[in-house]
Amino acid sequence: MSTHPSKDIIGTKGKELKSKRVVLCITGSVAAVQCPEIARTLMRHGAEVFTVMSPMAQKIIHPYLMEWATGNSVVTELTGKIEHVALAGEHSEKADLVLVAPATANTISKIACGIDDTPVTSVVSTAFGSNIPILIAPAMHESMYTHPILDENIKKLKALGVEFIGPRVEEGKAKIAETKEIVDAVIRKLTVKQDFSELKLLVTAGPTVEYIDPVRVITNKSSGRMGVAIVEEALSRGAEVTLVYGLGRTVPPRKARTISVETTEQMCDAVVSELKSRRYDVVIAVAAAADWTPEKRYSYKVSTHKVSTLNVRLKPTKKIVDYVKKVSSETFLVMFRAEYKLSRKDLIESAYRRLLESEADLIVVNDVGKKGVGFGTETNEVFIVDKEKKVIHVPLAPKREVARKILDVVSEKIKTRVSRKSTRR
Ligand SMILES: Cc1cc2nc3c(=O)[nH]c(=O)nc-3n(C[C@H](O)[C@H](O)[C@H](O)COP(=O)(O)O)c2cc1C
């Protein structure tokens, strides 16, 4: 039989997804009504789309609609054809990406627990084993979305490398992301540059703590989110990443080799020992290491019943970044600096001075006094300053987006450095 007439739209809007096979898994949410549009937009950008539906999804939209939309037959149950393996098994015809959209609370939690009892969950389980990228676009009522178990399961899946798109929380609902956001995420995932492949990165992230006594610490508000976003971005671009991680609240991806530390001294020792034991191409020091530590650390819990006031004298901690070039002069060093309510000019001036002191190659500075910027937030706004005092402004954006821009700059600088070296030879 000739090609299904519905496929005449393939590639009419772009070639980004040319020859890519995308499996669209639909579960039982009313947001399934958006699936024909999602499928056909992916097709317009060049993809071939195959639909898999859970039994509940089939009660909301009819499989005929998706067969019409994609021009391919729809998987509504598993049969002797072992459809889950045909689509997502380890073979030359396997899908390039699995997109679960809309994803119900039920299906997200089942995937996180390794349960596969619908065509959708079976395809996703198989995709995990075949290393096929998995994207999930949740949709549900807000009350379902804020369930702590679901939250835990989403975190678990993120740590396994699954990417979540949206949702948009409005009108009491965690609505499925807009079609454009979903399609952009698929395009980004399938066309991501591999400009960090064969590069070894050492990233520090999260806050450190300094002990007053065995149970009390001085620390800061860092969540580790910016550093983890850098790690995720670097991994997706092919880097091999070691993360020296303070007590952050963000789960780091399992693909990174993680060394956990508590104090600034421990973080510094871990960084120096890593730099001495293997060659790192890039160090990105994102950690908000505690700058001050008590001069005296009590070996017992200081009781308020025994002393009425407690004077704690603080001394500065080691500056971790100052050790990097001393131990490994060839490593490209990116340091982060947080300032509080400075003018743009002062922010950049003080960052540049610090860059020179540490012999860093780039410094990323932000003003944590601004709304939505820095510690514990989902977003960030930064200025990237180089050795020539050239400044790149990255406006307020999700931290992963900011991480992408920072790595774009690092990638360019490394390329220039390598080409300068080879022309000198
Ligand atoms: C009309 C209708 C709309 C629903 N919308 C949602 C939804 O948006 N999100 C959700 O998590 N569950 C929703 N549900 C409940 C799920 O369909 C139900 O949990 C089902 O067991 C999910 O199965 P599945 O994940 O295998 O598709 C809806 C149910 C109905 C009947």
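Structure values in brief
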{"item": "Failed item in (1) hydrophobic (A, V, I, L, M, F, W, C); (2) more than 21 Å from Tyr245 (Cβ to Cβ); (3) assigned to a strand (DSSP E or B), with Phe336 passing the rest", "result": "(2)"}
{"item": "Which listed residue, of Lys415, Lys345, Lys371, is part of a loop (DSSP other than H, G, I, E, B) and either assigned by TED's automatic domain parsing to the domain that holds Ser223 or surrounded by 14 or more Cβ atoms within 10 Å (Cβ to Cβ) (or both)", "result": "Lys371"}
{"item": "Leading residue by the ranking (surrounded by the most Cβ atoms within 10 Å (Cβ to Cβ)) among those in the range 1-34 that are within 16 Å of the ligand (Cβ to nearest atom) and either among the β-branched types (Val, Ile, Thr) or not assigned by TED's automatic domain parsing to the domain that holds Arg168 (or both)", "result": "Ile26"}
{"item": "Count of the range 308-344 residues which are β-branched (Val, Ile, Thr) and closer than 30 Å to Lys371 by Cβ", "result": "4"}
{"item": "Elements of type helices (runs of 4 or more DSSP H) in the range 35-108, at least 1 residues being away from the ligand (no atom under 16 Å from the Cβ) and without any contact (Cβ under 8 Å) to a residue 12 or more places away in the chain", "result": "63-70, 83-88"}
{"item": "Test set (1) part of a strand (DSSP E or B); (2) within 22 Å of Met66 (Cα to Cα); (3) out of contact with any strand residue (DSSP E or B) (no Cβ under 7 Å at 6 or more places or on another chain) - Val169 fails condition number", "result": "(2)"}
{"item": "The range 378-412 - residue that is part of a loop (DSSP other than H, G, I, E, B) and in contact (Cβ under 8 Å) with a residue 12 or more places away in the chain and, of those, nearest to Phe196 (Cα to Cα)", "result": "Lys387"}
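Quick grid of which residues meet (1) part of a helix (DSSP H, G or I); (2) crowded, with 18+ Cβ neighbours inside 10 Å; (3) outside the structural domain of Lys20 (by TED's automatic domain parsing); (4) among the aliphatic types (A, V, I, L, M):
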{"position": "Ala174", "(1), (2), (3), (4)": "no, yes, no, yes"}
{"position": "Ala177", "(1), (2), (3), (4)": "no, yes, no, yes"}
{"position": "Val183", "(1), (2), (3), (4)": "yes, yes, no, yes"}
{"position": "Thr204", "(1), (2), (3), (4)": "no, yes, yes, no"}
{"position": "Tyr211", "(1), (2), (3), (4)": "no, no, yes, no"}
{"position": "Ser222", "(1), (2), (3), (4)": "no, yes, yes, no"}
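The values are calculated or read from the model by the stated rules, or taken from the named source; none is laboratory data. Quick caveat: nothing in here was measured; it's all calculated off a predicted structure. Cβ coordinates were reconstructed from backbone atoms using ideal geometry, including for glycine residues, and neighbour counts include every protein chain displayed.
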